[in-house]
Amino acid sequence: MNDTATMRAIVTHGPHDYRFERVPKPIAGPGEVVIQTGAVGICGSDVKCFTGASLFWGDGNSGGYVEGPVITGHEFAGVVESLGEGSAEKFGIELGDNVIAEQILPCGMCRYCLEGSYWMCEPNEIFGFKRGRAEGGMAEFALLPSNALVHKIDPRLSEIESAYLEPLSCAIHAVDRAEIMPGDIVVIAGVGSIGLCMLQWAKQFRPGILVAVGTRPNRLDLASALGADIVINAREQDPVAAVRGYSSGYGADIVIEASGSADGPQQVLEMVRKMGTVVAFSSIKERTRIDWNLVGDQKELTIRGSHLGPCCYPKAIKAVADGRIDVASLVTALYPLEDFDLAMQAAMSGNGIKTMVVPGMEGRRGEI
Ligand SMILES: [Zn+2]
Ligand SMILES: [Zn+2]
């Protein structure tokens, strides 16, 4: 195989075994697109997969989600490098456009796809986890298969902002699920890379008080800068008592759970007022315990789940282009492809906010 037909990629072989390899460069078949990857974010789920969570690798009783070896990465965007037959017309794109595909590759045949709820597609195939069908974007080039949902990105967005559209879309969907009314007391529980996007999107619905709960001072400072009226450090203050204090003792109208912590779910049930709404967003490694009585008998709550970012990519693109949402300041470290291990270490440390890999920045490295 000659050099022009290969590319450099990060391939998942197993927990703690992601290799920097040379692999065949993808070729765009009918309805497919090949992009030159601009930037790729490392997601909390990538960290869980890297560290061997049973959801991804199985637990001895059931198989895991990963079908490898597979190129990792689902938070990516890039410039159209080649177009298969019919894909320019299908997606309304041309060579050189900056584009993004939604993270899910819907099967188009299951009951959810047929009902229009493509984000709940039964096989749930996400880029970066399924060999040959959903190869990821942590590489110089990436294949967008014919069932991808491709969006053209406003040219005002940078490479980094473009890669951030995936987590931003997830944040937008979760906040939209909350149906915030002007004047509501809204709590975003968790100020990670997605919580800080939720906060900015929630602000647009003119809540009465917008509260951010977290544990890391640097992230809480950023939450204040990005629009939180009140920030609560859960290591220094009881967040339930604090939220009650800001709401005449009742609790918040809406709480969005984005902490990723095993204690998060019970805390948000205590923090929300009677007849309030809770949006369940975060994915939690451990099994969690909640007091079920709070949901029905005591508070008559509305609990809504939130999965992926359906129908939110165009909104996300517009919000970043208009300057209504700032994602650039949430990116705290960039690494070239060959330093993937360092990038993963940075993501695992939790010291920064969002770590990204930029395949085109070979030889340059380090924190922003
Ligand atoms: Zn993700
Ligand atoms: Zn489906």
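Normalising by the residue count of the chain, find the relative contact order in percent from Cα pairs under 8 Å and 6+ residues apart.
That works out to 17 percent.
Globularity index of the stretch 220-368 is 1.27 (Cα radius of gyration / 2.2 N^0.38 Å, N = number of residues).
For His16, His74, what ranking results if the residue with the fewest other Cβ atoms within 10 Å of its Cβ goes first? List each step's numbers first, then the result.
On the way: His16 10, His74 23.
The most exposed by this proxy come first: His16, His74.
Straight-line cross-link reach from Lys315 at under 12 Å between alpha-carbon atoms covers these aspartates and glutamates, not counting any fewer than eight positions away in the same chain: Asp154, Glu166, Asp176. The helix-only estimate of mean residue ellipticity at 222 nm for the chain, built from DSSP H runs of length n ≥ 4 each weighted as -39500 (n - 2.57), is -6500 deg cm²/dmol after division by the residue total.
Direction-averaged projected area, Cα convex hull, the chain: 18.7 nm², rounded to one decimal. Between the stretch 291-350 and the stretch 1-66, the C-alpha centres lie 20 angstrom from each other.
Restricting attention to the chain, close to 55% of DSSP beta bridges with both partner residues there are antiparallel.
Determine the alpha carbon to alpha carbon distance for each of Lys203/Lys318; Lys152/Lys318; Lys203/Lys299 and list only those over 18 Å. Too far apart for the 18 Å limit: Lys203/Lys299. Modelled label positions at Asp238 and Met275, each set 7 Å beyond Cα in the direction of Cβ, lie 2.7 nm from each other. In loop segments of the stretch 43-109 as defined by DSSP, the GluC sites (Glu not before Pro) with at most 12 further C-beta atoms inside 10 Å of their C-beta are Glu85, Glu94.
Give me Met361, Met109 sorted ascending by neighbouring Cβ count inside 10 Å, so fewest comes first.
Values: Met361 16, Met109 11.
Placing the least packed residue first, the sequence is Met109, Met361.
With neighbour counts taken as other beta-carbon atoms within 10 Å, the residues Ile256, Ile284, Ile27 rank, fewest first, as Ile27, Ile284, Ile256. Overall size of the stretch 171-305 from C-alpha positions, given as principal axis extents largest first: 39, 33, 28 Å.
Cα extents for the stretch 1-119 along the principal axes, largest to smallest and rounded to whole angstrom: 45, 44, 25.
The alpha carbon centroids of the stretch 216-290 and the stretch 97-117 are separated by 32 Å. Expressed as a fraction of 2.2 N^0.38 Å, the C-alpha radius of gyration for the stretch 251-316 is 1.18.
All of the numbers you see were taken from the coordinates with simple rules; none came from a lab. Since this is a predicted model, take the numbers as computed values, not measurements. As a convention, Cβ positions derive from the backbone with ideal geometry for all residues, glycine included, and neighbour counts pool all protein chains shown.
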